[in-house]
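What follows is a short report on a single structure.
Each reported figure results from applying straightforward, stated rules to the coordinates on display, with no laboratory input. Owing to the predicted nature of the structure, the values given are computational and were not obtained by experimental measurement. Cβ coordinates were reconstructed from backbone atoms using ideal geometry, including for glycine residues, and neighbour counts include every protein chain displayed.
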């Protein structure tokens, strides 16, 4: 399923080992607790220590890696950790926090990635 990821702008297809490292790095940088971290990959917090990297979870971590890059380019005013947890009243988020989109479907993750890239390029700001 690499074609759909590439079509969505995700160039990274991590191995299970790389996915674990990337998830830990992102969780630390974004100041996430184990529950939010587990939610990013659709896992229970109890199974997080020994997560099984399914196709869906590898897809999710691919999106997260790309989102991490795009958010560094966007450089939110109060920092990425604050931005992803703060409800946003703009039309794209409709009062939800970006983290809520990341813990939903992979389609939501793809939409968020596209939008963050647009914002970082200075187009379609909300």
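Once R0 is set to 22 Å, what does the formula 1/(1 + (r/R0)^6) return for the Cβ-Cβ distance between residue 97 and residue 50, expressed as a FRET efficiency to the nearest 0.05? Don't skip to the answer; put the middle values down first.
Working: r = 28 Å, r/R0 = 1.28.
E between residue 97 and residue 50, to the nearest 0.05, is 0.20.
Working from Cα positions, state the angle (0 to 90°, nearest 10) between the long axis of helix 106-120 and the longest principal axis of the chain. That helix lies at roughly 40 degrees to the long axis. Please report the base-10 log of the normalised intensity I(q)/I(0) for the stretch 87-126, using a Debye sum with one equal scatterer per alpha carbon and no solvent, at each q in 0.26 (1/Å). Log-scaled intensity ratios, in q order: -0.90. Looking only at the stretch 57-80, which residues have a backbone nitrogen under 12 Å from a spot 7 Å from the Cα of residue 31 in the C-beta direction? Residues 78-80 qualify, since their backbone N sits under 12 Å from the label point. To the nearest ten degrees, helix 55-74 and the longest principal axis of the Cα atoms of the chain are 40 degrees apart. Mean residue ellipticity, 222 nm, helices only, the chain: the sum of -39500 (n - 2.57) across DSSP H runs of n ≥ 4, divided by residue count and rounded to 500, is -17000 deg cm²/dmol.
Ordering 18-26, 81-89 by mean Cβ neighbour count within 10 Å, with the highest value first, yields 18-26, 81-89. For the chain, the share of alpha carbon pairs falling in successive 5 Å distance bins from zero is 2, 11, 22, 26, 20, 12, 5, 1, 0 percent.
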